[in-house]
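The values are calculated or read from the model by the stated rules, or taken from the named source; none is laboratory data. In this text the structure is predicted, and so the values were computed from the model without any measurement. Virtual Cβ from ideal backbone geometry, glycine too; neighbours counted across all protein chains shown.
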Amino acid sequence: MKKTILAAAVLGMLTGASFAQAPNFDDPAEFAKQREQLTGAFNGPADKPYLQYAGEAMVDTSGFKKDAPWTVCFSNAGVNNPWRVVGYTDMTEEVKLHPEIGTFTHVDAEGSDDKQIADIDDLLAGGNCDVLIVSPNSTAALTPAVEKACAAGLPVIVFDRGVTTNCPVTFVHPVGGYGFGIQAADHVIANVASGGKVLMLRISPGVDVLETRASGARNMFKEAGLTILGEEFTGGDNAKTKSIVEDYLQRGAIDAVWMDAGATAVAAVEAFEDQGFDVPVVTGEDQQDYLQKWRDIGFKGVAPTYPTYQWRTAIIAAVNTLKGEQVPGPEWVLPQPVITQDVLDQYINEKMPPLHYAMCGCEDMPNYPQAWGGSQ
């Protein structure tokens, strides 16, 4: 049984003990749990998904209660792709809604484990943070840094990507990587006959939410009798994505392209168009350019999501912790919708830029849509 978050933090401070474990990115029990959560019930207001949570478990944060104004510190893996740009805008706009936050300190690791570890060390050395929010660049590398922050007595909120320690107050995330992998793989399996050929495109290794997306889908494809042509890392680069797909097309037919994130999905579609091939199943995400491309040319698309509204929730979790209010934990699990053909039109917003993510949960915020680059 997991220790309570506060007990784990105190024990870590007293003993210096590490609660980290080797990451397990192929866990059948977690896969099954997330499959169930995808369609399960969530507590909280129906019109505010960023406040919803699965389960009933709550964390007592009374030991972290502190008078405002507060300094909220955020160690960010990076603002290096469109999803993270939209999410960071969500976060900064959420900060504006909380006058108790006197200072918001953001440090950008620029996609580097080493820089993020150094960033956290600098924040701890400065001694000015009342709470630390961490979106880890990679799972194993950032676990010791998070444990160090917990051992320093700071309340820590982890979100988006996880670490293998239970010392944070809570870990904010949608259902999870297995869930995303399941949503995309289910669509491929439903639309590709047994024996069909699937190209798996990935961004980068070592990130829990990306690794579990891939392992879950890989296992499902094998069980369904589909052939995996290869797993290739794109680095989130459109030109590289297109080049990889074109190279595989020269080798033979592709019945589906499965992606562990959809930022470069349009580039994958364009590779088929440029070579004169019909576009097969290409999975994506809730990015506007993909949704519009899917609508306009009518291929068999699907958009699993990892909603950017979780960036709002991370701030809300930090504020509630410093108020000494209970928060869902040790995991604050948010809903993770999937966009299918029958609801596609509901998520296309022509007033928003091509790289905007539909699941921002930001439509009720005062500076929407301008802060996200949209037009009224």
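In the same structural domain as ALA318 (by TED's automatic domain parsing), surrounded by fewer than 18 Cβ atoms within 10 Å (Cβ to Cβ) and more than 20 Å from the chain's Cα centre (by Cα): is that true of GLU110 in this structure? Criteria not met by GLU110.
Pairs are defined by a Cβ separation below 7 Å, a sequence spacing of at least 6 or placement on different chains, a first member in segment 281-301 that is under 15 Å from GLN346 (Cβ atoms), and a second member that is of a type in the set (S, T, N, Q) and in a loop (DSSP other than H, G, I, E, B); the pairs so defined are ASP286/THR305; GLN288/ASN349.
A quick yes/no check of all residues on (1) without any contact (Cβ under 8 Å) to a residue 24 or more places away in the chain; (2) surrounded by 24 or more Cβ atoms within 10 Å (Cβ to Cβ); (3) outside any strand (DSSP E or B):
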site: VAL134; (1), (2), (3): no, yes, no
site: ALA140; (1), (2), (3): no, no, yes
site: THR164; (1), (2), (3): no, no, yes
site: CYS167; (1), (2), (3): no, yes, yes
site: SER204; (1), (2), (3): no, no, yes
site: LYS222; (1), (2), (3): yes, no, yes
site: GLU231; (1), (2), (3): no, no, no
site: GLY235; (1), (2), (3): no, no, yes
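Annotation for segment 259-277: at least one member residue is under 18 Å from the mean Cα position of the chain (by Cα), at pLDDT 95 or above, crowded, with 16+ Cβ neighbours inside 10 Å and of a type in the set (Gly, Ala, Ser).
Every residue, every condition in (1) closer than 25 Å to TRP83 by Cα; (2) acidic (Asp, Glu); (3) touching a Leu at 6+ places or on another chain (Cβ under 8 Å), yes or no:
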residue: ASP113; (1), (2), (3): yes, yes, yes
residue: THR143; (1), (2), (3): yes, no, no
residue: ALA151; (1), (2), (3): no, no, no
residue: ILE182; (1), (2), (3): yes, no, yes
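Conditions first: (1) outside the structural domain of GLU285 (by TED's automatic domain parsing); (2) of a type in the set (Val, Ile, Thr); (3) in contact with a helix residue (DSSP H, G or I) (Cβ under 6 Å, 6 or more places away or on another chain). ILE182 passes all but one, so which condition is the exception? The failed condition is (1). If the condition is being of a type in the set (Asp, Glu), outside any helix (DSSP H, G or I) and farther than 30 Å from GLY374 by Cβ, then segment 86-132 contributes only ASP130. Here the condition is being assigned to a loop (DSSP other than H, G, I, E, B) and under 24 Å from ALA184 (Cα atoms); of GLN346, GLN336, it holds for GLN336 alone.
Rundown of residues vs (1) of a type in the set (Lys, Arg); (2) within 30 Å of ILE157 (Cα to Cα); (3) in contact with an Asp or Glu (Cβ under 7 Å, 6 or more places away or on another chain), yes/no style:
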| site | (1), (2), (3) |
| --- | --- |
| ALA261 | no, yes, yes |
| ALA268 | no, no, no |
| GLN288 | no, yes, no |
| GLN292 | no, no, no |
| GLN310 | no, yes, yes |
| THR313 | no, yes, no |
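Every test in (1) surrounded by fewer than 24 Cβ atoms within 10 Å (Cβ to Cβ); (2) among the small types (Gly, Ala, Ser); (3) in a helix (DSSP H, G or I) is passed by ALA185 save one, and that test is (1).
Screening ALA22, ALA32, ALA77 for residues that are among the aliphatic types (A, V, I, L, M) and modelled with pLDDT under 95 leaves exactly one candidate, ALA22. Any chance segment 286-293 includes a residue that's farther than 25 Å from ARG161 by Cα and surrounded by 14 or more Cβ atoms within 10 Å (Cβ to Cβ)? Yes.
Restricting segment 30-85 to residues that are more than 21 Å from the chain's Cα centre (by Cα) and part of a helix (DSSP H, G or I) leaves a set whose member that is nearest to ASP260 (Cα to Cα) is PHE64.
If you go through segment 147-194 and keep only what is modelled with pLDDT of 95 or more and among the charged types (D, E, K, R), you end up with GLU147, LYS148, ASP160, ASP186. Being out of contact with any helix residue (DSSP H, G or I) (no Cβ under 6 Å at 6 or more places or on another chain) and at pLDDT 95 or above is the requirement here; does ASP114 meet it? Yes; evaluated as a whole, the condition is true for this residue. In this entry, MET58 is excluded by the filter for residues that are aliphatic (A, V, I, L, M), under 21 Å from PRO353 (Cβ atoms) and touching a residue at least 40 places away in the same chain (Cβ under 8 Å). The requirement of being within 21 Å of GLY301 (Cα to Cα), surrounded by fewer than 22 Cβ atoms within 10 Å (Cβ to Cβ) and basic (Lys, Arg) is not satisfied by ARG213.
Condition check for PRO307 on (1) in contact with a Gly (Cβ under 9 Å, 6 or more places away or on another chain); (2) over 30 Å from PRO69 (Cα atoms): one failure, at (2).
Selection of segment 306-321 for residues being surrounded by fewer than 24 Cβ atoms within 10 Å (Cβ to Cβ) and either in contact with a Pro (Cβ under 9 Å, 6 or more places away or on another chain) or closer than 22 Å to GLN336 by Cα (or both) yields only ILE316.
With respect to (1) under 26 Å from GLY361 (Cα atoms); (2) among the hydrophobic types (A, V, I, L, M, F, W, C); (3) part of a loop (DSSP other than H, G, I, E, B), the lone exception for VAL279 is condition (1).
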